[in-house]
Amino acid sequence: MKQVGIVEYGAGNLGNVMRALKRLGRSGVLLESPDEIPESVSTIVLPGVGAFGPAMDSLRKKGWDRALIEWADRERPLLGICLGMQLFAEGSDENGSHRGLGLIEGKSEKLDMTPLPHMGWNDISTEDPILKPFDGSYLYFVHSYGLKNSKDRAATTEAGKVAFVSAVRKDSVMGLQFHPERSGDVGHAILDRILEELGR
């Protein structure tokens, strides 16, 4: 049975993701070490809440930085959620300058809006084949930093007069700035479709 591996690195809201997978009838497994990924794992999810720098430090300390890059290089499905998506970028200027995983083009920057964090429900605009059925759907966001632009952009969102990248995709790597696991039925449907289609 194929499983979804969820990276445990001290910066993720794992419980909600696991519950969403269970609701979808999918099997999730927590991955504490990159050296112990079960062969049954077909997709890895990198969740994330908190600050960019400490999260990257935690990934590096556990060897997840190299492991995730190698996973993506083998074109195996990899999904980042919220901070997890930002970590896929080239870097961030959150509390200093930090290097990211470099899996997608762009840099995570502080959003030019008030109030921060940007918290609540906003719609996405997308032409991405995976996300297109959900164009215009309202999803749950909570973040102060994000990608203002990226050539790997898969969806955008406007909050007030500020636009930012709300999803990215490059080959088998996909990132969501919103929380599908906290976005009700439509969020769960998006998560299910991504797990079904990503990397095909």
Quiz item: Say we look at the stretch 157-177 and pick out the residues that are among the hydroxyl-bearing types (Ser, Thr, Tyr) and not in a loop (DSSP other than H, G, I, E, B); which of these is surrounded by the most Cβ atoms within 10 Å (Cβ to Cβ)?
Solution: Ser166
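Restricting to the stretch 132-146, name every residue that is among the hydroxyl-bearing types (Ser, Thr, Tyr), in contact with a Pro (Cβ under 8 Å, 6 or more places away or on another chain) and crowded, with 22+ Cβ neighbours inside 10 Å. I'd like the intermediate steps shown before the answer.
Filtering the stretch 132-146 for residues among the hydroxyl-bearing types (Ser, Thr, Tyr) gives 137-138, 140, 144-145.
Add one more test, that the residue is in contact with a Pro (Cβ under 8 Å, 6 or more places away or on another chain), and what stays is 144.
Matches in the stretch 132-146: none.
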Quiz item: Tell me, which residue of the stretch 127-179 that is out of contact with any helix residue (DSSP H, G or I) (no Cβ under 9 Å at 6 or more places or on another chain) and of a type in the set (Asp, Glu) is nearest to Glu105 (Cα to Cα)?
Solution: Asp152
Self-check item: Single residue of Pro54, Pro47, Pro34 found to be out of contact with any strand residue (DSSP E or B) (no Cβ under 7 Å at 6 or more places or on another chain), at pLDDT 95 or above and under 26 Å from Leu116 (Cα atoms)
Solution: Pro54
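Kindly evaluate Ser125 against the criterion of being closer than 21 Å to Val49 by Cα, among the polar types (S, T, N, Q) and in contact with a strand residue (DSSP E or B) (Cβ under 8 Å, 6 or more places away or on another chain).
Values: closer than 21 Å to Val49 by Cα: no; among the polar types (S, T, N, Q): yes; in contact with a strand residue (DSSP E or B) (Cβ under 8 Å, 6 or more places away or on another chain): yes.
For Ser125, the condition - closer than 21 Å to Val49 by Cα, among the polar types (S, T, N, Q) and in contact with a strand residue (DSSP E or B) (Cβ under 8 Å, 6 or more places away or on another chain) - is not met.
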Practice problem: Test Leu79 against the criterion of being buried (at least 19 other Cβ atoms within 10 Å of the Cβ) and farther than 18 Å from Ile190 by Cα, and give yes or no. | Solution: no
Quiz item: Which residue pairs have Cβ atoms under 9 Å apart, sit 6 or more places apart or on different chains, and have a first residue in the stretch 62-88 that is within 21 Å of Lys107 (Cβ to Cβ) and a second that is charged (D, E, K, R) and assigned to a loop (DSSP other than H, G, I, E, B)?
Solution: Ala72/Asp171; Gln86/Glu94; Phe88/Asp152
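Are any residues in the stretch 138-156 closer than 16 Å to Glu127 by Cα and part of a loop (DSSP other than H, G, I, E, B), and if so, which ones?
Of the stretch 138-156, the ones closer than 16 Å to Glu127 by Cα are 138, 149-156.
The answer is Asn149, Ser150, Lys151, Asp152.
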Quiz item: Does at least one position in the stretch 18-39 carry a residue that is surrounded by 14 or more Cβ atoms within 10 Å (Cβ to Cβ), in contact (Cβ under 8 Å) with a residue 40 or more places away in the chain, out of contact with any Cys (no Cβ under 8 Å at 6 or more places or on another chain) and among the β-branched types (Val, Ile, Thr)?
Solution: no
Self-check item: Residue satisfying all of: in the stretch 185-200; part of a helix (DSSP H, G or I) and without any contact (Cβ under 8 Å) to a residue 12 or more places away in the chain; farthest from Glu75 (Cα to Cα) among these
Solution: Asp185
Quiz item: Restricting the stretch 40-73 to residues that are small (Gly, Ala, Ser), closer than 22 Å to Gly91 by Cα and out of contact with any Pro (no Cβ under 9 Å at 6 or more places or on another chain), which is surrounded by the most Cβ atoms within 10 Å (Cβ to Cβ)?
Solution: Ala55
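The values are calculated or read from the model by the stated rules, or taken from the named source; none is laboratory data. Owing to the predicted nature of the structure, the values given are computational and were not obtained by experimental measurement. Backbone-built Cβ (ideal geometry, glycine too); neighbour counts: all protein chains shown.
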